[in-house]
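First up is the structure itself, then whatever we jot down about it.
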Amino acid sequence: MAQDEHKRVTLERLETGVYRATNPEGAQLTFGSHHDGGFSPVELLLAAIGGCSAVDVDTVTGRRSEFEEFEVAVEADKTRDEAGSILRDVTMTFRVAFPEGEAGDKARDLLPRAVRTSHERTCTVSRTVEAATPVDVRIADPSA
């Protein structure tokens, strides 16, 4: 059964190439192409891909054992051709370690399935990217 949940983020321009994203709960993130020391929009996309699966894997395996190490690296090649810019060869690598013992063994055994399930089923971000979901772009009437 399909379950729908509308998501929304608004962006405000702070200065040339610098923006603040705000979600409905009021959390904010400043980023941009000219935000010194901050994330670019492309880096935010990579963080979203990794973060979505990290949450899934953390939740499932973390029930079995605490982590000794938990890192997710997401990399891609940004290319530009006659059609425009795009990311290619997106790779997500989990570096996860659990302590020795029964709980750590259970978490280690579950890790491959948790990563696979996140990628194939539960991570909305990477599934959306892989599905090449169309983006409907509109210009609002400023007087409305």
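The values are calculated or read from the model by the stated rules, or taken from the named source; none is laboratory data. Worth saying up front: this structure is predicted, and the values here are computed from it rather than measured. Ideal geometry is used to build each Cβ from the backbone, glycine not excepted, and the neighbour counts take in all protein chains shown.
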Among the residues of the stretch 96-103, is any surrounded by fewer than 15 Cβ atoms within 10 Å (Cβ to Cβ) and within 21 Å of CYS123 (Cβ to Cβ)? no
What pairs come out if I take residues in the stretch 56-83 that are at pLDDT 95 or above and pair them with residues that are charged (D, E, K, R) and part of a helix (DSSP H, G or I) whose C-beta lies under 6 Å away, six or more apart or interchain? ARG64/LYS106
Count of the stretch 32-57 residues which are crowded, with 18+ Cβ neighbours inside 10 Å and over 15 Å from the mean Cα position of the chain (by Cα): 1
Does the stretch 58-80 hold any residues that are polar (S, T, N, Q) and either crowded, with 17+ Cβ neighbours inside 10 Å or within 16 Å of the chain's Cα centre (by Cα) (or both), and which are they? THR59, THR61, SER65
Looking for whichever is more than 30 Å from ASP4 (Cβ to Cβ) and loosely packed, with under 15 Cβ neighbours inside 10 Å here; the options are THR133, THR124, THR93, THR128. Which one fits? THR93
When the residues of the stretch 62-106 are narrowed to those that are out of contact with any Lys or Arg (no Cβ under 8 Å at 6 or more places or on another chain) and polar (S, T, N, Q), which ends up farthest from ARG116 (Cα to Cα)? THR91
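Just need a number here: residues in the stretch 112-144 that are basic (Lys, Arg) and not assigned by TED's automatic domain parsing to the domain that holds VAL72. Let's see the steps before the verdict.
Here is the first cut: in the stretch 112-144, the residues basic (Lys, Arg) are 113, 116, 121, 127, 138.
Of the ones still in play, those that are also not assigned by TED's automatic domain parsing to the domain that holds VAL72 are 138.
Count: 1.
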Pair list, Cβ < 6 Å and 6+ apart or interchain, from the stretch 95-108 residues that are assigned to a loop (DSSP other than H, G, I, E, B) to residues that are surrounded by 12 or more Cβ atoms within 10 Å (Cβ to Cβ): PHE98/SER65; PHE98/GLY104; PHE98/ALA107; PHE98/ARG108
Which strands (runs of 3 or more DSSP E) sit wholly inside the stretch 1-84 and have at least 1 residues that are more than 16 Å from THR124 (Cβ to Cβ), of a type outside the set (A, V, I, L, M, F, W, C) and in contact with a helix residue (DSSP H, G or I) (Cβ under 8 Å, 6 or more places away or on another chain)? 28-32, 69-81
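What number of residues in the stretch 81-90 are in contact with a strand residue (DSSP E or B) (Cβ under 8 Å, 6 or more places away or on another chain) and loosely packed, with under 10 Cβ neighbours inside 10 Å? Give the steps one after another, and end with the answer.
Step one: of the stretch 81-90, the residues in contact with a strand residue (DSSP E or B) (Cβ under 8 Å, 6 or more places away or on another chain) are 85-90.
In the following step, the residues that additionally are loosely packed, with under 10 Cβ neighbours inside 10 Å were identified as 85, 88-89.
Matching residues across the stretch 81-90 total 3.
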